[in-house]
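Written out below as structure tokens is the structure these notes cover.
What follows is calculated from the coordinates using simple rules that are stated; it is not laboratory data. Just so we're clear, the structure is a prediction, and the values are computed from it rather than from any experiment. Here the Cβ is made from the backbone with ideal geometry for all residues, glycine too, and neighbour counts use every protein chain on show.
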Amino acid sequence: MSGERLGQALREVEIPDREGAEERALRMVRAAVAAIPAEPVARRPRFGRRGLQVAVAIGLIAALVSPAGAAVRHFVGDAVDDGQHAAQPALTSLPTAGSLLVDSPQGPWVVHADGSKRLLGAYEESTWSPHGLYVAATKRQELAAIDPGGTVRWTIARAGGVTDPAWSPDGFRIAYLNGRQLRVVAGDGSGDRALADAVSPVAPAWAPGAVRALSFVDAGGAIRTLAVDTGQQLATAPAPPGTQRLEWSRDGSRLLITSAGELQLRDRAGRLLWRHEAPPGAAFAAAALSPSGREVAAVLAAGAGARSELLSLGPGQAPRRLFSALGRLGEVVYSPDGRWLLLAWRGADQWLFLNPAHPRRVVAVADVAAQFDPGTTSPAAFPRVAGWCCSADR
């Protein structure tokens, strides 16, 4: 048999317990890297003794775990190349202007560009107001408006659970879910009223524009957009099965619909502009629309989350991989200026800041869970990024 045919035959061999081998390989790689003594970092990166040790360890481990060799070597190589960035021990600053809003077990935190942060109180979910002047937050049966310094401006209480707050782009309305009912209240806490009954548990999304419009998923499986002040229905479209999230572009021209099986972009009239289906055996875990509305950053998870990828997608462009790693990736959020992405790598307890135009420029932050749940005596829960404020024209 020729060398070429032998190589082809080996590549086609089904690897026994492939997922288990991959997980064992990653653990062995991490242990091998951790065991290598640290050396001072040179001003110019060099492939020195430490780099050689890492390369040898990876090569030996790949040979051990894979009878056929090729598949697992490729997998481990990808994981190390894409998922082993040196991580900062703490979040000391953001890579660009703006402030983060982060929901944690202790409540929402405001994180400023210089890395300083403030806990706003014992709330469960939060969202920014336009320009970051206030935060709307919920807990159990209460909706509150809080300033970034932690001062409560007003609260309202409702029978039943209060969740998924969303502040309108003009600042004059807040939408939220009260059980299976969609309600709106004025930005000063007055005029609380029901807008729709029997809605699905998906956060509503405001459509920027001259008409104050709100999109939501009803219990019948339709995405509806209503003019909030008049109740007029402006658009309707079928919701993909398992719709998870709605997000309007900054100019109000495109609605991103995220479900496990596919991503869609629709216009204000509900017409389909673009769609991208997840490959067989994979699912979209999260997605975000760029400030320009032309690109979608999407997290694609294969299998049971053993491997995840961050992709750049959009109408008229080929999918582009920005990052891949073993383990679970969570939410992805664009910076206000669109120059950076914040990617939650839950499986590694890290945040990754990536430049979409230069995805190899990665700033990694380690031990994220503990930084937003200080003092806990049990394993800290990983926080959720609720928003990155504010618009570049603030």
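Numbers at a glance
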item: Extreme residue, positive dipole direction of region 99-389, given options ALA370, ALA344, ALA325 (C-beta unit charges); result: ALA325
item: Backbone N within region 106-122 under 18 Å of label point (7 Å from ARG339 Cα along the Cβ vector); result: 112-115
item: For peptides 128-138, 234-244, sequence by mean Cβ density within 10 Å, most packed first; result: 128-138, 234-244
item: Potential extension, ASP229-ALA90 segment - 0.36 nm per residue separation minus Cα distance; result: 45.5 nm
item: Spherically averaged projected area of region 99-389 from its Cα convex hull (nm²); result: 14.8 nm²
item: Segment ARG360-ALA381, length gained on full extension (0.36 nm per residue, minus Cα span); result: 4.8 nm
